[in-house]
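**Q** Please read through the structure below; I'll follow up with questions.
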Amino acid sequence: MAIPARIWYIPSQDQAFRAVERLLTNIADAWYRRTVLAKLFSFASIGVVNVVVDVTTFAVAFQLAQLPLILSNVIAWLVAVSGSYAMNTKITFGRETGGVYSLGRYLSFAAAGIIGLVVATTLLVVLSRYVNVPVAKLGSIVAAFGVNFSMSHSFVFRMPKEDIAPI
């Protein structure tokens, strides 16, 4: 049985460069306009950094200092939430904040993050009964990501209504 030629289609080098150029232009445009998708990507990228901070802090507290599971998780969260606030204020939600730190916004960010912390800690405790603690920790981080982004985008860093351009 012969395979149709269209399956073997390979774009020319020029077509490939134009496709990459369009993709990069679309990403740059989304970033400039600060669309939800661009914010989500930025928030996730910062989240990767914070996962490293969170997991490292958690490991030091739980494994080395031998602190209890929940206390280790709360300490790791406090360290990571502070770094997350700083980076998201400057990068992800820079348009909304003007890149300016605010104690009130930090407290709102931390308060909204408590919902994510409750989700993460609850899931960590439940999962740790069925899988090893590092796997449970990673699962709890993934679940909390959705909660944290939603709260940050919708409440903490939302643009004032008078600054939103009509569609």
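The values are calculated or read from the model by the stated rules, or taken from the named source; none is laboratory data. Just so it is clear, the model here is predicted, and its values are computed rather than measured. With ideal geometry, Cβ positions are generated from the backbone for all residues, glycine too; neighbour counts draw on all protein chains shown. The accessibility values were calculated without ligands, DNA or RNA, using every heavy atom of the protein model including side chains. Shrake-Rupley method; radii C 1.70, N 1.55, O 1.52, S 1.80 Å.
**Q** For region 49-82, give me the residue count where each residue is under 16 Å from residue 157 (Cα atoms) and of a type outside the set (A, V, I, L, M, F, W, C). I'd like the intermediate steps shown before the answer.
**A** Going through region 49-82, the residues under 16 Å from residue 157 (Cα atoms) turn out to be 81-82.
Those left that are additionally of a type outside the set (A, V, I, L, M, F, W, C): 82.
Looking only at that region, the number is 1.
**Q** Another question, if that's okay. Among the numbered criteria (1) buried (at least 17 other Cβ atoms within 10 Å of the Cβ); (2) closer than 20 Å to residue 40 by Cα; (3) not aromatic (Phe, Trp, Tyr), which single criterion is violated by residue 90?
**A** Here residue 90 meets the rest and fails (1).
**Q** Are any residues in region 45-68 open to solvent by less than 40 Å² (accessible area, probe 1.4 Å) and either of a type in the set (Ser, Thr, Tyr) or in contact with a Phe, Trp or Tyr (Cβ under 9 Å, 6 or more places away or on another chain) (or both), and if so, which ones?
**A** 47, 54, 57, 58
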